[in-house]
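The values are calculated or read from the model by the stated rules, or taken from the named source; none is laboratory data. Owing to the predicted nature of the structure, the values given are computational and were not obtained by experimental measurement. Positions of Cβ are backbone-derived with ideal geometry, glycine not excepted, and every protein chain shown enters the neighbour counts.
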Amino acid sequence: MRALVTGVGRGLGAAIANELATRGLTVVGTARGPVPADVEQSCAHIVQLDLADRPSIAAAVAELCARGDSIDLLVNNAGLDGRAVGGGDHDRGPLDIDPDVFMRQIEVNTLGPLLFARGLVDLLRAAETPKVVNISSQLGHPEVVLRAGRDVGYNASKAALTTTSATLARDLPGVIVVAVHPGWVRTDMGGPEAALGVGESAQRLVDAMLALRPEQSGRFLDVDGYPFVP
Ligand SMILES: NC(=O)c1ccc[n+]([C@@H]2O[C@H](COP(=O)([O-])OP(=O)(O)OC[C@H]3O[C@@H](n4cnc5c(N)ncnc54)[C@H](OP(=O)(O)O)[C@@H]3O)[C@@H](O)[C@H]2O)c1
């Protein structure tokens, strides 16, 4: 089985790539820059991909299509919050958000994964039971937003990623497409106080990904593959 994971340079993407390789899958990673030595070892090759840059998405898709390998599992993991695109602690709320910060999050967290998956449809359809897993967030769920977080661009972009997954699932019969909340994870984004270690999140996610069933397509799931409960 062949898996393609975005954002393997650090954080959850690196851990998911390593975990999938441990389970015997052939893993292709994407990154914007160099990747750690363990990830380099886990991956058959690394494709350059910047989801904020549409020519970069087109080039990555073209490279993968030229190789022609079918894709059993696409993990759209790469993503960012407002801090990564210049948003400060006091200007990420709905009343003070910089429109450019908002739109950059939509570009990278929502549109980028959609365009990337869309470009790879033929390679997905060439697999026996293709799956697309979009790493979304509980912070895209309105019930959670009412009690946590203050980054309207992140909230909106992840809510849009979750619904985009459902629309893609509807329009791609035969491909299992889900959105998943990976838990609150100790990465650069999640911070040191987060509940889950990156290795534990990756293990549980990979268990859930490998066990996905067609009837789950279009759903928003938790780290263990159960329906997400806010
Ligand atoms: N950590 C959590 O608690 C948590 C909770 C819910 C959901 N998530 C989601 O889980 C995913 C992974 O997050 P993480 O915690 O591992 O965050 P992270 O440590 O900040 O890593 C983010 C990853 O996304 C990549 N990335 C950022 N901007 C990109 C772009 N324009 N094009 C391509 N790749 C880009 C980064 O690559 P560079 O190294 O090049 O920047 C990096 O590999 C994200 O989608 C995040 O929203 C995380």
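Could you check segment 21-55 and list, in sequence order, the residues that are within 13 Å of the ligand (Cβ to nearest atom), in a helix (DSSP H, G or I) and surrounded by fewer than 18 Cβ atoms within 10 Å (Cβ to Cβ)? If the condition is that a residue be within 13 Å of the ligand (Cβ to nearest atom), in a helix (DSSP H, G or I) and surrounded by fewer than 18 Cβ atoms within 10 Å (Cβ to Cβ), then R54, P55 are the ones that fit. Taking the stated definitions as given, is G86 surrounded by fewer than 21 Cβ atoms within 10 Å (Cβ to Cβ), within 16 Å of the ligand (Cβ to nearest atom) and free of Cβ contacts under 8 Å to residues at least 40 places away in the same chain? Yes; evaluated as a whole, the condition is true for this residue. Within segment 202-230, restricting attention to residues that are touching a strand residue (DSSP E or B) at 6+ places or on another chain (Cβ under 7 Å), of a type in the set (A, V, I, L, M) and under 17 Å from P130 (Cα atoms), the residue that is surrounded by the most Cβ atoms within 10 Å (Cβ to Cβ) is L205.
Set side by side, the residues G79, G68, G24 differ, and just one is closer than 17 Å to I135 by Cα and not β-branched (V, I, T), which is G79.
Filtering segment 136-168 to residues that are in a helix (DSSP H, G or I), within 11 Å of the ligand (Cβ to nearest atom) and surrounded by fewer than 21 Cβ atoms within 10 Å (Cβ to Cβ) leaves L139, V144.
For the condition among the small types (G, A, S), over 16 Å from A17 (Cβ atoms) and within 16 Å of the ligand (Cβ to nearest atom), what is the one hit in G183, G174, G199?
G183
Of all residues in segment 169-201, count the ones that are surrounded by fewer than 16 Cβ atoms within 10 Å (Cβ to Cβ) and in a helix (DSSP H, G or I). Show your work before the answer.
Within segment 169-201, the first condition is being surrounded by fewer than 16 Cβ atoms within 10 Å (Cβ to Cβ), and the residues that meet it are 170-171, 173-174, 188, 191-195, 197, 199-200.
In the following step, the residues that additionally are in a helix (DSSP H, G or I) were identified as 170-171, 199-200.
Total satisfying the criteria: 4.
Within this structure, R54 fails the test of being at pLDDT 95 or above, under 26 Å from V223 (Cα atoms) and out of contact with any Ser or Thr (no Cβ under 7 Å at 6 or more places or on another chain).
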